[in-house]
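Dropping a structure here in structure tokens format, bear with me for questions.
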Amino acid sequence: ATPTAVMVGTGVGAANGILIKGGEALERACRVRTVVFDKTGTLTAGKPHVVDVKVLHSELSVADVVQLAAAVEQHSEHPIAAAILALLQQQQLKQQQPVGKLAEDSSHRGTAPPLPTSNVEVTVGEGISGWIQLPSAAGAAGSGSSAQSLNWASLRDVLAASSAAAAAAAAQAPAAGDAGLEGLVSSAAATAALPAAQGAAAAEAQQAGARLAEVLITVGNKRLMAESGITLPQAAQAYMREKESCGSTCVLVTVQQVLIGVIAVMDPIKPEARGVVAALHQMGMKCVLLTGDNWRTARAIADQLGVSTVFAEVLPAGKVDKVKELQAKSEHAVAMVGDGVNDSPALAQADLGIAVGSGTDVAIEAADFVLMRSDLEDLLMAMDLSRTTFNRIR
Ligand code: ADP
Ligand code: MG
């Protein structure tokens, strides 16, 4: 192509909100046969909302689960955090729903901030945790407007019941050991450990007040829970299967290692996404979905889009490796389309990096093309421009 043709091509791109970083990038786009898509914010709107909350302890309410999750999520930048905080606000406004004439006076209405949380720890691609203060039983009513709606007494009951259950399980351990040398050894060891365990339980109960003054809240996916040894009850697993197979993402909420609820969030697929995937297929391209989200949700979304190749549960750092893998397998160029900070290394690694939206500066920096309008159809226009400029139609 002549320099003039390239200028025209990039000019037409610019006029349509497609930033093309040079003629070489435009030329590389002609050689792309594989398009890898990030899910969140790229194929989906990137604005998830809570669709359902499953409470796993009858003593607690949906509001309690949301309140506890929001306490830690207020410190997260993840879109899931925004969804949970938005629900907390909605709940508070609903509680304050004025009656009759009082509706006129909205001066007292407003939402309280989530519970204060300390020592917050983010686990990239998995979730977040932090500590909240559990008021002593005496002052159970709690103070502060946001604390009022949390059922502290019930939370205390749930924690007490679960530590009692844990103590009972420890005491039962010897009986569970069956015959055989292994059984005898473990049984003997457990028996020897028993008095100590009981002593510990008693001390635990004694110190309950002090020990429960601070409780650990963890919010995240099942990998994060598995890492801290939390197993999911059947009820939770069945619930997750159901929600995930419809394309929702399930967020687990624990207090002191006790699973209290599951929050299902849904990030809607962009309206043009399915058509864009179909058009890319028509152009002879292979489409791939690459996400940190779980397999079942990722497959559900891919099915809805007509994408057949999926890589799920990929940690941010692993996205680059997946792109490399695809490059090694393909004789042609591989494009990566993404929006977030997480995607920047993968955008840089791909033969053609395409940043979607006014996204993050880092992603824009790493990309060859930037689709300023976040409209995926602009991806098709960019591909067309490239083919027209370099006379590669067909
Ligand atoms: P994505 O590819 O969807 O952008 P991420 O790597 O950001 O994925 O996150 C992967 C998964 O980790 C999410 O689907 C979610 O289950 C979990 N996760 C990450 N951050 C949080 C958070 N702040 N709260 C709850 N879950 C989280
Ligand atoms: Mg993303």
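The values are calculated or read from the model by the stated rules, or taken from the named source; none is laboratory data. This is a predicted model, so every value here is computed, not measured. Note that each Cβ is placed from the backbone with ideal geometry, even for glycine, and that neighbours are counted across all protein chains shown. For accessibility, only protein heavy atoms count, side chains too; no ligands or nucleic acids. Shrake-Rupley method; radii C 1.70, N 1.55, O 1.52, S 1.80 Å.
Filter segment 34-90 for residues that are over 13 Å from the mean Cα position of the chain (by Cα), assigned to a loop (DSSP other than H, G, I, E, B), farther than 20 Å from Glu121 by Cβ and within 13 Å of ligand 1 (Cβ to nearest atom) and give the result.
Scanning segment 34-90 gives a single hit, Ala45.
Turning to a different aspect of this structure: Filter segment 43-59 for residues that are farther than 21 Å from Ile301 by Cα and at pLDDT 95 or above and give the result.
Lys54, Val55, Leu56
If you check Lys94 against the conditions, is it open to solvent by 40 Å² or more (accessible area, probe 1.4 Å) and within 14 Å of ligand 1 (Cβ to nearest atom)?
No: the conditions fail for Lys94.
Give the residue, chosen from Glu331, Glu313, Glu325, that is among the charged types (D, E, K, R), within 15 Å of ligand 2 (Cβ to nearest atom) and either surrounded by fewer than 19 Cβ atoms within 10 Å (Cβ to Cβ) or without any contact (Cβ under 8 Å) to a residue 12 or more places away in the chain (or both).
One residue alone meets the criteria, Glu313.
In segment 286-295, what residues are in contact with a helix residue (DSSP H, G or I) (Cβ under 8 Å, 6 or more places away or on another chain), over 12 Å from Thr42 (Cα atoms) and hydrophobic (A, V, I, L, M, F, W, C)?
The answer is Cys287, Val288.
Cβ-Cβ below 9 Å, separation at least six or inter-chain, first residue in segment 85-96 and farther than 19 Å from His75 by Cα, second modelled with pLDDT under 90 and open to solvent by 70 Å² or more (accessible area, probe 1.4 Å): which pairs?
Here the result reads Gln92/Ser145; Leu93/Arg109; Gln96/His108; Gln96/Arg109, each pair linking segment 85-96 to a residue that is modelled with pLDDT under 90 and open to solvent by 70 Å² or more (accessible area, probe 1.4 Å).
Restricted to segment 334-350, and to residues that are among the polar types (S, T, N, Q) and open to solvent by 50 Å² or more (accessible area, probe 1.4 Å), which residue is farthest from ligand 1 (Cβ to nearest atom)?
Per the stated criteria, the residue is Gln349.
For segment 297-309, indicate whether the set of residues that are in a strand (DSSP E or B) and either touching a residue at least 60 places away in the same chain (Cβ under 8 Å) or crowded, with 22+ Cβ neighbours inside 10 Å (or both) is non-empty.
No, because not a single residue in segment 297-309 is in a strand (DSSP E or B) and either touching a residue at least 60 places away in the same chain (Cβ under 8 Å) or crowded, with 22+ Cβ neighbours inside 10 Å (or both).
Same structure, new question: Kindly establish whether Leu19 is more than 16 Å from ligand 2 (Cβ to nearest atom) and not in a helix (DSSP H, G or I).
yes
When segment 234-273 is examined, which residues are found to be among the polar types (S, T, N, Q), within 13 Å of ligand 1 (Cβ to nearest atom) and either outside any loop (DSSP other than H, G, I, E, B) or touching a Gly at 6+ places or on another chain (Cβ under 6 Å) (or both)?
Selection gives Thr249, Thr254.
Which residue pairs have Cβ atoms closer than 9 Å, lie 6 or more positions apart in sequence or on different chains, and pair a first residue in segment 6-18 that is within 18 Å of Leu352 (Cβ to Cβ) and in contact (Cβ under 8 Å) with a residue 40 or more places away in the chain with a second residue that is part of a loop (DSSP other than H, G, I, E, B) and of a type in the set (Asp, Glu)?
Listed by first residue and then by second, the contacts come to Gly17/Asp375.
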